[in-house]
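Let me begin by presenting the structure, written as structure tokens, before commenting on it.
Throughout, read-outs are computed from the coordinates displayed, never taken from laboratory work. Note that the structure is predicted; figures quoted are calculated from it, not measured. Quick reminder, even Gly has a Cβ in these numbers, built from the backbone with ideal geometry, and neighbours come from all protein chains shown.
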Amino acid sequence: MVLSMDRWVDKVAIVTGASSGIGKAIAERLVEQGMKVVGVARRKDRLDELAQKTSGKKGKLYPIQGDVTKEEDIMRVFKWAKDNLGPVHVLVNNAGVLCNSAIEDGKTEDWLQTINVNVVGLCMGTREAIKDMKEHNIDGHIFNINSVAGHFVFNYPKLEIYTATKYAVTSLTASMRQQLANQKSKIRLTSISPGLVDTEIVAGLDLSITTGGPPSLKSEDIADAIEYALSTPPHVQVHEIMIWPTGALSS
């Protein structure tokens, strides 16, 4: 199997949650590989910094402010990309929140926000990407940044809602892949499920990653997985990549 990113050069990618952590690393990597990357996040200033950092690379980053829980923002991002760059070839559903709010005493608004970001926002982005790919006869690639928590229930407090949303991502990815296969579509769907990654999203947990805490991954490790799956030939579909830090205790 020959691995190559050549067919994605000058093609359009949309990456949500691109202002920090995993999304930032993925957006930067795709720019380095020559893609036109629409980086989407609520924090426009951070996107602007990333655009400046990646200027002069093979591709280019286009910073667009947007909230994945707002349908009008999703529609605006896809319309802007199509009108200014062309149809989308790659979508990375990366935006996510870690709900540290238990069922027994948590806040409903925290649960709803987590579900809206991790599940509903992902569905809206996927819907628009598939619509765009089909309209332009593009054999594109959609990535859902999942979690090992989408496959195992961990004995850790206050993660019930987060885990439920990631199980939903696992199910949605498999279901959509089956539906596309039934339609004879060549659009590929890949779920990337990391273990603990040293990013801002885990800041609210009682973990000490840098001072003797549990083993962790780097955001760049997830970008590596995206690049690998994209590099495979069109007849190869990588369904799932699960990435654990070396030494981590799996479920």
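In terms of the Cα gyration tensor, with a ≥ b ≥ c the square roots of its eigenvalues, is the stretch 1-80 rounded because a/c is under 1.5, prolate because a/b exceeds b/c, or oblate? In terms of gyration-tensor shape, prolate.
Which shape class applies to the stretch 110-165: rounded if a/c is under 1.5, otherwise prolate when a/b exceeds b/c and oblate if not, where a ≥ b ≥ c are the square roots of the Cα gyration tensor eigenvalues?
Details: a/c = 5.98, a/b = 2.23, b/c = 2.68.
Because a/c hits 1.5 or more and a/b fails to exceed b/c, the stretch 110-165 counts as oblate.
Could you state the angle between the C-alpha long axis of helix 44-53 and the longest principal axis of the C-alpha atoms of the chain, as a value from 0 to 90 degrees rounded to the nearest 10? It works out to around 60 degrees.
Between the stretch 119-166 and the stretch 8-57, the C-alpha centres lie 19 angstrom from each other. Assuming a ≥ b ≥ c are the square roots of the Cα gyration tensor eigenvalues, decide whether the stretch 52-93 counts as rounded (a/c under 1.5), prolate (otherwise, with a/b larger than b/c) or oblate. It comes out prolate by the Cα gyration axes. Listing 218, 107 from fewest to most neighbouring C-beta atoms within 10 Å gives 107, 218.
The convex hull of the Cα atoms of the chain, projected and averaged over all directions, covers 13.7 nm².
Dipole size of the chain about its Cα centre, with +1 on Lys/Arg Cβ and -1 on Asp/Glu Cβ: approximately 820 debye, rounded to the nearest 20.
Rank 223, 89, 103 by how far each Cα sits towards the positive end of the charge dipole of the chain (+1 on Lys, Arg Cβ; -1 on Asp, Glu Cβ) and give me just the farthest. Of the options given, the answer is 89. Across 105, 67, 224, mean-square fluctuation computed from a Gaussian network of the chain (C-alpha pairs under 10 Å connected) peaks at 105. Taking a straight line from the alpha carbon of residue 44, these aspartates and glutamates sit under 14 Å away, with near neighbours fewer than eight places off in the same chain left out: 67, 73. In straight-distance terms, cross-link reach from residue 70 covers every one of the aspartates and glutamates whose alpha-carbon lies under 18 Å from its own, apart from those fewer than eight places away in the same chain; here that gives 109, 110, 128.
Positive-end ranking of 237, 21, 153 along the dipole of the stretch 6-243, with charges on Cβ about the Cα centre, is headed by 237.
Dipole orientation for the stretch 6-243: of the candidates 129, 41, 175, 129 has the Cα lying most toward the positive pole (charges on Cβ; Lys, Arg +1; Asp, Glu -1). The long axis of helix 219-231 is offset from the longest Cα principal axis of the chain by roughly 40 degrees. With respect to the chain, whose longest principal axis is taken over its alpha-carbon atoms, helix 71-84 is tilted by about 30°. Loop-located GluC sites (Glu not before Pro) in the stretch 1-105 (DSSP state not H, G, I, E or B) with no more than 10 neighbouring Cβ atoms inside 10 Å: 104.
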